[in-house]
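Nothing in this text is a laboratory measurement; each read-out follows from the coordinates by a stated rule. This one's a predicted model, so the numbers in the text were calculated from it and none came from an experiment. With ideal geometry, Cβ positions are generated from the backbone for all residues, glycine too; neighbour counts draw on all protein chains shown.
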Amino acid sequence: MTDVLKDLYQQVIVDHSRKPRNFRVIADARKVEGHNPLCGDHLDMYVKMDGDRIADISFEGSGCAISTASASLLTESIKGKTIEEAEALFEAFHELVTGVKPRPEERRMLGKLEAFSGVCDYPTRVKCATLAWHTLRAALRDGKHEKVSTE
Ligand code: ZN
């Protein structure tokens, strides 16, 4: 990756960590709590379904820049998607941050989320980047697990 591209990616993460999108409570939504004890990241995720589709999604909480930016970009990327599409994006994102080079169709799917490709060089930060995604997955799979921990 060129330095210019690295800087651009960094900007996306800094921007979303300072001004997180969809940072709010959705009153009548399913709520799942995510916690990453290793770093101290903590978030509440709100997911509102319309049948099989994610009609609205938001989060609140506090954590490091990586976890906040990841949750913010997640909400932007996942809104309006079906559960199946969200699962595919989860897989692509997980591969990206664990160092698997994305295929062209995955790159298209990831879009801005590719900003997190550098995280694979910092194994301790992978949990920061994936916390929101594990929380989302729990919210989509069933409403029973109201707490998710990366440990
Ligand atoms: Zn963190």
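Some points to look at:
- Between SER62 and ARG24, full extension at 0.36 nm per residue minus the direct alpha carbon distance yields a gain of 12.4 nm.
- Proximal lysines to LYS101, defined as alpha-carbon separation beneath 26 angstrom and excluding residues fewer than eight positions away on the same chain: LYS6, LYS79, LYS81, LYS112, LYS127
- Top of ARG137, ARG30, ARG103 by mean-square fluctuation, Gaussian network on the chain, Cα under 10 Å: ARG103
- Inter-label distance, nm, simple model (7 Å from Cα along the C-beta direction), GLU105/LYS147: 4.0
- Farthest towards the positive end of the charge dipole of the chain, among the residues ILE13, GLY80, CYS39, is the Cα of ILE13, using unit charges on the Cβ of Lys, Arg, Asp and Glu.
- Sum of side-chain charges, CYS120 neighbourhood, beta-carbon under 14 Å (Lys, Arg +1; Asp, Glu -1): +1
- Contour minus Cα-Cα distance for VAL14 and THR82 (0.36 nm per residue): 21.7 nm
- Check: the range 2-137 dipole with +1 on Lys, Arg Cβ and -1 on Asp, Glu Cβ, in debye: 200
- Debye intensity ratio in log₁₀ form over the Cα atoms of the range 78-130, taken at each q of 0.13, 0.21 Å⁻¹: -0.29, -0.72
- Charge tally in the Cβ shell below 10 Å around ARG21, where Lys, Arg are +1 and Asp, Glu are -1, ARG21 excluded: +1
- Over all distinct Cα-Cα pairs of the chain, the Kirkwood formula returns a hydrodynamic radius of 15.2 Å.
- Computed 3J(HN,Hα) for the range 77-89, one whole-Hz value per residue from the Karplus formula 6.51 cos²θ - 1.76 cosθ + 1.60 where θ = phi - 60°, is 7, 9, 4, x, 7, 7, 4, 4, 5, 5, 5, 5, 5, glycine and proline marked x.
- Net charge, ARG103 excluded, C-beta distance under 15 Å - Lys, Arg +1, Asp, Glu -1: -2
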